Structures are given as structure tokens and as C-alpha cells.
Amino acid sequence: MEENLKKANYYYGPFRPQIATQVPLWLVVALKRRGKCTIRPPEWMSIERLAQVLEAERESPKEFQPLPFHYVEISRLLFYHARDDIPDIYMVRYLIEDIRDVRFHKVESGLEIISARTHAVK
């Protein structure tokens, strides 16, 4: 796969076998579907990092810990298309769902505080 790929005025490639490179998510999913690559999950998807984020989320009731803005959508795409490339996929999925649940709880409790102060929020 030595040709350059062009999309929206950006060039990707040339790609060389066994050489890791960073490409956009849409491209890696397309290449993975064709069986042309393996995927390295992002650093934030490691069990250690997610466990740290989950612990910090639980300890600080008013702050969100740094994760990519669309971390749920990114992880779902990778779970679907790269399940064989993600080590301990079930633990990673469990941690991401726990982080999501803790964040939803924070948002709900914040909205309850706001709605108690005003009648504009329902």
C-alpha cells in the first residue's frame, strides 16, 4: 500500500509494513475493515489510565477528568472494529462504562441543584 491517500486536502502515507503511524480514526477503521492494518489503542484506553480517571472522577464531585471529548464514541468504534487489537477489552469496556456512569451522575446532581434554585430548568 505505497500510494498516498487524499481526503479533504490531507495526504496520508506512504504506509510501510510493520511501521506504526498515526492516522485519523476514520482512516484506521477503513483500513482495518479491509484487513490492511492492526490498531494500537490510544494511551488513554489503557487499564491503568482508565482506573486512574475513574478514581479521580469519584473523588472530585465537581470536576471531569481529561479524556477525549468523544471518548465513548471512539471507544465503541474501536470495540466494534478492533476487538482483537485491544488487550483486556472487557475490563477496558467496564472502566469506560463506569466513568460514563459517574459523569452522568455528576451532571444529574448538578441539574438537581440548579432546578432547586430556579423554575426555568425542568
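Any idea how far the Cα center of the range 9-38 sits from the one of the range 45-122, in Å?
Between the Cα centre of the range 9-38 and that of the range 45-122, the gap is 28 Å.
Quick one: which of 55-66, 34-45 comes out on top by average Cβ neighbours within 10 Å, and what's the full order, highest first?
Descending packing order for the listed peptides: 34-45, 55-66.
If you add up the charges near GLN52, with Lys and Arg at +1 and Asp and Glu at -1, over every other residue whose beta carbon is less than 13 angstrom from its beta carbon, what do you get?
-4
Once you keep just the Cα pairs under 8 angstrom separated by 6 or more residues, what percentage relative contact order results for the chain?
21 percent
Going toward the positive end of the dipole of the chain, with +1 on Lys and Arg Cβ and -1 on Asp and Glu Cβ, which of HIS105, ALA20, PRO66 do you reach last?
The one lying farthest along the dipole's positive direction is ALA20.
May I ask you to order 83-90, 68-75, 17-24 by the average number of other C-beta atoms within 10 Å around their residues, highest value first?
Those peptides, ordered most packed to least, come out 68-75, 83-90, 17-24.
Just add up the charged neighbours of ARG76: K/R +1, D/E -1, any other residue whose Cβ is under 13 Å from the Cβ of ARG76.
Overall, the nearby charge balance is +1.
If the only charges are +1 at each Lys and Arg Cβ and -1 at each Asp and Glu Cβ, what is the size of the charge dipole of the chain around the Cα centre, to the nearest 20 debye?
With only Lys, Arg, Asp and Glu charged at Cβ, the dipole is about 580 debye.
Please give the length that would be gained between ILE47 and TYR94 if that part of the chain were fully extended, namely 0.36 nm times their separation in residues minus their C-alpha to C-alpha distance (nm, one decimal).
That pair, ILE47 and TYR94, stretches by 15.9 nm at full extension.
Roughly what percent of Cα-Cα pairs across the chain reach past 16 Å?
Percent of Cα pairs beyond 16 Å in the chain: 68.
Give a residue-ordered list of calculated ³J(HN,Hα) values for the range 85-101 (Karplus: 6.51 cos²θ - 1.76 cosθ + 1.60, θ = phi - 60°; whole Hz; x for Gly, Pro).
After applying 6.51 cos²θ - 1.76 cosθ + 1.60, I find 9, 9, x, 6, 4, 5, 5, 4, 4, 4, 5, 5, 5, 5, 4, 4, 5 Hz.
To the nearest 20 Debye, how big is the dipole of the range 20-80 about its Cα centre, given +1 on the beta carbon of each Lys and Arg and -1 on that of each Asp and Glu?
The calculated dipole for the range 20-80 is roughly 560 debye.
Per-residue ellipticity at 222 nm for the chain, helices alone: DSSP H runs ≥ 4 residues times -39500 (n - 2.57), over residue total, nearest 500 deg cm²/dmol?
-16500 deg cm²/dmol
None of the figures in this text is laboratory data; all of them are computed from the coordinates on show. Worth saying up front: this structure is predicted, and the values here are computed from it rather than measured. Reconstructed Cβ throughout: ideal geometry from the backbone, glycine too, with neighbour counts over all protein chains shown.
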